[in-house]
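> Input: one structure, supplied below.
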Amino acid sequence: MTRERREQAPAGHEESAPERHYESAVSPFVERFAADLTEAGMQRMSSRVFACLLASDEGALSSAQLAERLRVSPAAISGAVRYLSQVRMVSREREPGSRRERYRVHHDVWFEAITSRDTLLHRWTATLRTGVDAVGADSAAGRRIEESLEFLDFVAEEMNGLRERWLKQRAEREAEREAERSGPGGPGGVAGR
């Protein structure tokens with residue numbers, strides 16, 4: 001809790017351990033990662049909301065929780081979440097027994113965000129093919145467009161291989177974690193009996 005917030009808090013209100021931890025450790029990480037994302041081209045508030053969700057234990061927070069942690073208005077959260085939903089980095093869900101929505105960062109957010117670009121890459125390459133025909137393959141513009149097309153075809157092919165390698169690696173990691181959980185020290189193992 002900042003000095004301003006402490007002064008506005010009711011008498012006897014002490015900052016909780018999770019609030020102190022957020023302020024001292026998590027908030028600087030959120031702001032630094034948000035700055036990195038903003039530098040890469042993401043909208044500033046969307047970057048902050050995404051980083052805040054990523055750093056939350058549950059990976060899901062309400063608009064009010066996000067607004068409080070980031071010290072912004074709920075309207076700012078709404079716009080940021082709209083963008084993050086469009087690019088499939090977060091999803092909306094209803095809190096059980098409530099009309100309030102929570103925003104959840106996807107479990108495999110980077111995989112989803114990057115591999116969902118396949119559709120976009122295919123659309124771009126289709127348009128570029130028509131561009132080569134429109135300007136003429138032998139023209140300077142045609143050669144430039146053809147080079148763009150070749151690169152994006154290469155990226156799309158590499159994405160397919162990347163996707164396959166990641167899924168294989170993720171399955172292997174999950175199998176290792178499961179083996180650790182059920183091994184001698186885990187539940188169901190010798191030590192757990």
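> In segment 88-193, carbon and sulfur make up what percent of the accessible area (probe 1.4 Å)?
For segment 88-193, the apolar C and S fraction of the accessible surface comes to 54 percent.
> To continue, here is another question. Enumerate the calculated ³J(HN,Hα) couplings along segment 26-38 in order (Karplus 6.51 cos²θ - 1.76 cosθ + 1.60, θ = phi - 60°), each rounded to whole Hz, writing x wherever the residue is Gly or Pro.
Computed from phi, the couplings for segment 26-38 are 6, 4, x, 4, 4, 5, 5, 5, 4, 5, 4, 5, 5 Hz.
> What accessible surface, in Å², does a 1.4 Å probe find on His122, ignoring ligands, DNA and RNA and rounding to the nearest 10?
110 Å²
> Now, a different point. For segment 125-169, take the alpha-carbon Rg, divide it by the Kirkwood Rh, and send me Rg/Rh.
Working: Rg = 14.0 Å, Rh = 11.5 Å.
Taking Rh as the inverse mean 1/r over Cα pairs, Rg/Rh reads 1.22.
> Rounded to the nearest 10 Å², what accessible area does Phe154 show when all protein chains are kept and the probe is 1.4 Å?
Using a 1.4 Å probe on the heavy atoms, I get roughly 120 Å².
> Moving to a separate point now. Roughly how many Å² of Arg165 are accessible to a 1.4 Å probe, to the nearest 10?
Arg165 exposes around 140 Å² with every protein chain in place.
The values are calculated or read from the model by the stated rules, or taken from the named source; none is laboratory data. Keep in mind that what you see is a predicted model, and the values were worked out from it rather than measured. Please note that ligands, DNA and RNA were not included when accessible areas were found on the heavy atoms of the full protein model with its side chains. Shrake-Rupley method; radii C 1.70, N 1.55, O 1.52, S 1.80 Å.
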